[in-house]
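Working notes, structure below.
The values are calculated or read from the model by the stated rules, or taken from the named source; none is laboratory data. In this text, all values refer to a predicted model and were calculated from it rather than measured experimentally. Because the Cβ atoms are built from the backbone with ideal geometry, glycine has one as well, and the counts that use them run over all protein chains shown. Note: accessible area is taken over every heavy atom of the protein model, side chains too, but ligands, DNA and RNA are not part of it. Shrake-Rupley method; radii C 1.70, N 1.55, O 1.52, S 1.80 Å.
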Amino acid sequence: MIVADLAGRTGVIGLPGSDCDAISAIRADPSLTPTTNSMSQHFKLTRIKRLTGYRTLSRVTMLAGVAAIGGCNADSNVAPAPPQGLVQFINAASRYSSVDLNVDSTDVAAGQAYGSGTSVNVAAKATPQQFLVNITGDTTVLATSMVQVSDKSVYTVILTQRVVGAGLLVLPDTVTAPSGNTANLRVINASPSAGLVDVYITGTDTTLANPVSVNLPIEGISPYVNVPVGAGRVRVTAAGTTKVLLDIDATTLHPGQVRTVLMIDSPGGGLPVVGLAIPDLG
């Protein structure tokens, strides 16, 4: 059994502030099946310090199959000056070991390693700004997108790998907290080696039935699924089969939290896949 247990503190970019959650990311064994007891793999929540009022991603790399991306939601009661939004940038393209994110020709996140994420403040402007990614030390453009950044807003920007070149997935965070003693979960497929996948978000049982998404392609996003706290489980299988590529025990989520599981290739490409947890809210 492969278990990601990050009980200690994770390094953070930002000043000490409010306590927020971090979720670890683990490498899954593609040979595991729903009938094997060894397939249970866990996302453990740890408490770490964050810049008050904003989500912050820890800048970490995947060592021995374990990584972490953590943070908390933007707090509308804390207004930055001048107006700005927060951008979470993640390098999910294994072909590129290190990349830079530029906003209107300004390098805002240099040397972002594969499988890691960081967060930066970007000025809010009345017109869209050009988000551009290039290989570190090379001016060749890998991907670009025009983004309208609003004040006190949060955006997740993911560099994805395509058959030729790369893509840029821009996701404005517009989620709301689920009610009651529940949490929300979804999956993004950013693993070229996994191909088409089926996504199951269920309770803690071993049954694989009623997928929330079928034949989810690269850059595909499953819908959010509401799960009771203490009973969440995410499994991703090769499309049309019960071959489990990723199995995550999400029972440690807290009420009102929202998480995205980003599925990517192993470092250097290929299987087994790796799951990175992105804190959408809480």
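Assorted remarks:
- Residues of region 137-151 satisfying the condition of being farther than 14 Å from LEU168 by Cβ and either of a type in the set (A, V, I, L, M, F, W, C) or part of a strand (DSSP E or B) (or both): VAL149
- Search result, residues across region 83-130 that are without any contact (Cβ under 8 Å) to a residue 24 or more places away in the chain and more than 17 Å from LEU142 (Cα to Cα): ALA126, THR127, PRO128
- Taken over region 184-230, the criterion of being open to solvent by less than 30 Å² (accessible area, probe 1.4 Å), hydroxyl-bearing (Ser, Thr, Tyr) and under 26 Å from GLY165 (Cβ atoms) is satisfied by SER191, SER213, SER222.
- The conditions of being more than 17 Å from VAL87 (Cβ to Cβ), open to solvent by 40 Å² or more (accessible area, probe 1.4 Å) and at pLDDT 95 or above are not met by THR140.
- The conditions of being under 30 Å from GLY240 (Cα atoms) and in a strand (DSSP E or B) are met by VAL170.
- Leading residue by the ranking (nearest to the chain's Cα centre (by Cα)) among those in region 234-282 that are among the hydroxyl-bearing types (Ser, Thr, Tyr) and open to solvent by less than 30 Å² (accessible area, probe 1.4 Å): THR260
- Scanning region 143-172 for residues that are over 27 Å from ARG95 (Cβ atoms) and open to solvent by 30 Å² or more (accessible area, probe 1.4 Å) returns GLN148, SER150, ASP151, LYS152.
- Taken over region 233-282, the criterion of being of a type in the set (Asp, Glu) and more than 17 Å from THR204 (Cβ to Cβ) is satisfied by ASP265, ASP280.
- Complete set of residues in region 229-282 that are farther than 24 Å from GLY195 by Cα and either in a strand (DSSP E or B) or small (Gly, Ala, Ser) (or both): GLY230, ALA231, GLY232, GLY256, VAL258, PRO279, ASP280, LEU281, GLY282
- Wholly enclosed strands (runs of 3 or more DSSP E) of region 52-136 bearing at least 1 residues at pLDDT below 95 and touching a Pro at 6+ places or on another chain (Cβ under 6 Å): 66-71
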